[in-house]
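**Student:** Have a look at this one.
The values are calculated or read from the model by the stated rules, or taken from the named source; none is laboratory data. Because the structure is a prediction, the values reported are computed rather than measured. In this analysis, Cβ positions are derived from the backbone assuming ideal geometry, glycine residues included, and neighbour counts consider all displayed protein chains.
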Amino acid sequence: MARKIVLAALVAGLAGAAAAWDDGPVPEPEPIGTMSELMIKLMYPASDAILYVESRAPTNEVEWNELQAQALLLAESANLIMMPSRVVGDADEWMRDARLMFDAGAAAYEAALEQDLEALIALNEQVYMSCVVCHRRTRPDYGRNYKRFEGPPVEALPPAGEAPPAEEAGAP
Ligand code: HEC
């Protein structure tokens with residue numbers, strides 16, 4: 001009896017869903033998060049998983065799975081920011097910059113699938129620079145913070161003994 005009711009409800013539900021699905025304009029991808037939210041909540045932690053892989057190296061299958069997920073998220077985030085409504089500034093340049101992150105993320109995903117720690121470490125610079133290239137171009141307040149793989153301009157260094165601001169210490 002209970003099963004019949006569940007089945008009836010399911011069929012009715014599906015019929016309703018199908019009706020809704022048939023009606024109206026064909027859905028298109030639609031942004032939910034702002035650019036800033038995507039950066040902070042998706043790309044920043046995903047890229048950190050790669051950038052700090054040497055000190056946080058996975059030690060078992062569960063941890064490798066987590067790292068694979070982060071690398072996949074990094075690569076697929078590039079597709080998210082390539083949505084036409086998300087483009088900032090010149091579209092061609094935006095797409096090329098986003099593609100750098102796509103390539104870095106895809107390579108990291110491949111290396112994570114192979115559980116190749118050395119390859120992941122070797123990809124650090126490519127991942128890091130994929131963030132920096134776009135930020136340099138699109139973020140007006142940006143420019144002096146990106147020194148992990150380049151010699152920092154002397155004036156960008158905090159005075160001895162002072163901790164750098166959070167952004168300089170953290171996100172690319
Ligand atoms: C194709 C361009 C592009 C790429 C690639 C890119 N970013 Fe961004 N990022 C932006 C833009 C534009 C902003 C400014 C967003 C805003 O404030 O509206 C931003 C802002 C940020 C911020 C600051 C957000 C805030 O509100 O404080 C962080 C953190 C960040 N990005 C991390 C990353 C990381 C990590 C990567 C690389 C893995 C990356 N971004 C790659 C374009 C990009």
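**Student:** Tell me which residues, restricted to segment 45-69, are touching a residue at least 40 places away in the same chain (Cβ under 8 Å) and either under 16 Å from Tyr128 (Cα atoms) or aromatic (Phe, Trp, Tyr) (or both).
**Tutor:** We begin by selecting, within segment 45-69, every residue touching a residue at least 40 places away in the same chain (Cβ under 8 Å); these are 46-47, 50-51, 53-54, 57-58, 64, 67-68.
Of everything in segment 45-69, those that are touching a residue at least 40 places away in the same chain (Cβ under 8 Å) and either under 16 Å from Tyr128 (Cα atoms) or aromatic (Phe, Trp, Tyr) (or both) turn out to be Ala46, Ser47, Ile50, Leu51, Val53, Glu54, Trp64.
**Student:** Further question on the same structure: For segment 68-82, state whether one or more residues are part of a helix (DSSP H, G or I) and farther than 25 Å from Asp116 by Cα. If you could, list the steps in order and put the result at the bottom.
**Tutor:** Step one: list which residues in segment 68-82 are part of a helix (DSSP H, G or I), which gives 68-81.
Filter once more, keeping what is farther than 25 Å from Asp116 by Cα: 80-81.
Yes: segment 68-82 contains one or more residues that are part of a helix (DSSP H, G or I) and farther than 25 Å from Asp116 by Cα.
**Student:** Which of the residues that make up segment 113-172 are more than 10 Å from the ligand (Cβ to nearest atom), in a loop (DSSP other than H, G, I, E, B) and modelled with pLDDT of 75 or more?
**Tutor:** Across segment 113-172, the qualifying residues are Glu114, Gln115, Asp116, Leu123.
**Student:** Go through segment 34-56 and count every residue that is away from the ligand (no atom under 11 Å from the Cβ) and among the small types (Gly, Ala, Ser).
**Tutor:** Step one: list which residues in segment 34-56 are away from the ligand (no atom under 11 Å from the Cβ), which gives 52-56.
Restricting the remaining residues to those that are among the small types (Gly, Ala, Ser) gives 55.
Residues in segment 34-56 being away from the ligand (no atom under 11 Å from the Cβ) and among the small types (Gly, Ala, Ser): 1 in total.
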